[in-house]
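Have a look at the structure below, then the notes.
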Amino acid sequence: MDRRVFKTVGLVAILRFPPYLACQPLAAIAKIFRPGHDGRHSIREPNLSSKTIEEPARQIPLYGEYEVAVLGGGPAGIAAAVAAARAARRTLLIERYGFLGGMGTAAGVTNFCGLHANVHGEMHRVVQGVASDLLARIDRLGGLNAPHLVLGKIFAQAYDTPAYKIAADDLLAAHKVDILFHALGAGVVMQDDRRINVLMVETKAGRQAVRAGIFIDCSGDGDLAAWAGAPFEVGDNNGSMLYPSMMFRLNGIDPERAGEAWRSIPALMEKAEAAGTHRFPRKAAIVRPQRHGIEWRVNFTQLAREDGTAVNGLEPDDLTRGEIDGRHQAIQAFEFLRTVPGFENSYIVDLPPQLGIRETRRVVGGYMLSGDDVLGCASFEDSIGVNGWPMEQHVAGNVIFKFPPIPESRGFNELPYRMLVPEGVDNLLMAGRCASMTHDGQSAARVSGACFAMGEAAGAAAALALSGNTIPRDIAPEKLQQALQHHGAFIGRDQSVPAGL
Ligand SMILES: Cc1cc2nc3c(=O)[nH]c(=O)nc-3n(C[C@H](O)[C@H](O)[C@H](O)COP(=O)(O)OP(=O)(O)OC[C@H]3O[C@@H](n4cnc5c(N)ncnc54)[C@H](O)[C@@H]3O)c2cc1C
């Protein structure tokens, strides 16, 4: 197993005032440090030939002290922050963008998967709790589509991005979650080997520190867990990961003429490739209508490096090229789609703020949810929620779906609390696509539904740990299960499957 452990030793040094400065007169210190053009301090006579730069020590303002700090405002982070605040814990959610939703808004996903399960041939919405509250708010804003069938086996549910953003703002405000937007988590300072003291964030006002009793990593990339020294795996542990995609949306489609074009588009793609008019980076394109039939989302692209492995969402140069190539692929896809009946007068109405990243770090916790767990509809005594989405493997040139047997099986697996509890760090939980799963398990439970469920459980677990004056690893799972059920969550076990959609 390729486990890499990062420690931010350098950041500990940052907070320390170099002792030799204590015996220098102020004028001498001023000679060594001066404010840079960005308000930071720079060394006056740097070693220009060095490949690394020594950052001078500086005092970092404390932004605030919280009981729970959540890094990342995607589905996992939204649910985690609400669940912690709902339990009366002073909670801060930190997000690098100026809006919530994670990949669901920032990467233009515009579609919830994993809210439903096909239970012996009948569809049920198995993710409830915080997700139900959010969905109701999106619906009240007129931004929620009715669920639609995917591959004849499972439901997904499209939404409008602005409605998601506004509904999430309202949801967090209703629960008195503090939000810090436009703040990029940048490192941690540890209290000791196993406890995080503060999370460092870069803001327009400079670097600031956030102190919390318990931190929840909902960054999708496991940034916080990695900085704190928790073990993690990356992608398939073989240099690749689920391939990213640049989503986009088209407007100006004639809904009558387009009809159920998602059924005919794959055959039209094959025909175009055979005729040599177009080449596509992947099969299995997903092109489906949004709430208003004139607007369709297009999940068509696949971003690879020159060696054919997936663009790595942890590498700035990869991300840069991925964004540019992604937009280029989007235009090529658009040129093809304009040949589809009903799409002739369409135009690109949205290219999202960022490339869609499906997988990077997966933090190693007390249990790693596997592909077998998904296909075998596994049960766990410490279940905190369920996943009804199949394995969805974005491999080179294709997308492969693997379902549990339907209708023979109940169509969902349970999610154990242990997948939210990292090894090695005591005041940290993680939820969402960076939770403890194997590469195969993550291909299923990374979608929004399971991320909401994991996030809600992590927030509730943090609150329980604080009230019991213990660490998240040591809380009683039964107490967590009771708290989640009390707030309407479905956790599997002997609970009856929620009725309706
Ligand atoms: C192209 C594509 C299509 C998809 N299609 C679907 C679909 O149809 N339905 C579905 O349900 N799922 C889909 N998914 C998967 C799903 O969107 C994600 O897996 C899900 O959003 C993960 O939720 P999360 O909360 O774990 O992380 P994310 O959604 O990734 O959210 C993480 C948040 O943390 C923030 N963040 C990250 N690092 C930092 C940092 N250092 N400092 C501050 N903030 C930070 C990010 O800005 C982001 O808001 C798709 C994904 C992709 C990429």
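The values are calculated or read from the model by the stated rules, or taken from the named source; none is laboratory data. Remember, it's a predicted structure, so these values are computed and weren't measured experimentally. Heads up, the Cβs are rebuilt from the backbone with ideal geometry, glycines too, and the neighbour counts pull from every protein chain shown.
Numbers at a glance
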| quantity | calculated |
| --- | --- |
| Residues satisfying the stated conditions in segment 446-464, i.e. within 9 Å of the ligand (Cβ to nearest atom) and not hydroxyl-bearing (Ser, Thr, Tyr) | Arg446, Val447, Gly449, Ala450, Cys451, Phe452, Met454, Gly455 |
| Total residues in segment 118-128, condition closer than 11 Å to Ala450 by Cα and either more than 13 Å from the ligand (Cβ to nearest atom) or not assigned by TED's automatic domain parsing to the domain that holds Ser443 (or both) | 2 |
| Residue identified as outside the structural domain of Phe215 (by TED's automatic domain parsing) and in contact with a strand residue (DSSP E or B) (Cβ under 6 Å, 6 or more places away or on another chain) among Leu501, Leu429 | Leu501 |
| Qualifying position, being near the ligand (Cβ under 9 Å from one of its atoms) and in the same structural domain as Ala435 (by TED's automatic domain parsing), among Ala131, Ala158 | Ala158 |
| Residue tally, condition touching a His at 6+ places or on another chain (Cβ under 8 Å) and small (Gly, Ala, Ser), over segment 492-501 | 2 |
| Boolean, Val177 is surrounded by 22 or more Cβ atoms within 10 Å (Cβ to Cβ) and out of contact with any helix residue (DSSP H, G or I) (no Cβ under 8 Å at 6 or more places or on another chain) | no |
| Tally of residues being assigned to a loop (DSSP other than H, G, I, E, B), within 7 Å of the ligand (Cβ to nearest atom) and not β-branched (Val, Ile, Thr) across segment 102-112 | 2 |
| Members of segment 229-259 found to be touching a Ser or Thr at 6+ places or on another chain (Cβ under 8 Å) and of a type in the set (A, V, I, L, M, F, W, C), listed by number | Val234, Met241, Leu242, Met246, Met247, Leu250, Ile253 |
| Odd one out for Ala489, checked against (1) among the aliphatic types (A, V, I, L, M); (2) assigned to a helix (DSSP H, G or I); (3) out of contact with any His (no Cβ under 9 Å at 6 or more places or on another chain) | (2) |
| So Arg288, is it closer than 20 Å to Asp160 by Cα and within 15 Å of the ligand (Cβ to nearest atom) | yes |
| Count of segment 213-224 residues which are aliphatic (A, V, I, L, M) and farther than 15 Å from Arg473 by Cα | 1 |
| Those residues of segment 68-91 which are within 12 Å of the ligand (Cβ to nearest atom) and either touching a strand residue (DSSP E or B) at 6+ places or on another chain (Cβ under 7 Å) or on the phi > 0 side of the Ramachandran plot (or both), in sequence order | Ala69, Val70, Leu71, Gly72, Gly73, Gly77, Ala80, Ala81 |
| Of all residues making up segment 67-94, the number that are in contact with a helix residue (DSSP H, G or I) (Cβ under 7 Å, 6 or more places away or on another chain) and not acidic (Asp, Glu) | 18 |
| Strands (runs of 3 or more DSSP E) wholly inside segment 276-362 that include at least 1 residues being among the acidic types (Asp, Glu) and without any contact (Cβ under 8 Å) to a residue 24 or more places away in the chain | none |
| Top-ranked residue of segment 363-376 - restricted to ones that are part of a loop (DSSP other than H, G, I, E, B) and surrounded by fewer than 16 Cβ atoms within 10 Å (Cβ to Cβ), ranked as nearest to the ligand (Cβ to nearest atom) | Gly366 |
| Search result, residues across segment 397-425 that are in contact with a helix residue (DSSP H, G or I) (Cβ under 7 Å, 6 or more places away or on another chain), surrounded by fewer than 24 Cβ atoms within 10 Å (Cβ to Cβ) and not in a strand (DSSP E or B) | Pro404 |
| Filtered residue count, segment 215-232, keeping only those that are aliphatic (A, V, I, L, M), within 11 Å of the ligand (Cβ to nearest atom) and not in a helix (DSSP H, G or I) | 1 |
| Helices (runs of 4 or more DSSP H) contained entirely in segment 1-95, each with at least 1 residues that are at pLDDT 70 or above | 75-86 |
| Total residues in segment 180-202, condition more than 16 Å from Ile94 (Cβ to Cβ) and surrounded by 18 or more Cβ atoms within 10 Å (Cβ to Cβ) | 1 |
| Residue in segment 296-333 that is surrounded by the most Cβ atoms within 10 Å (Cβ to Cβ), counting only those that are under 10 Å from Leu355 (Cβ atoms) and among the small types (Gly, Ala, Ser) | Gly322 |
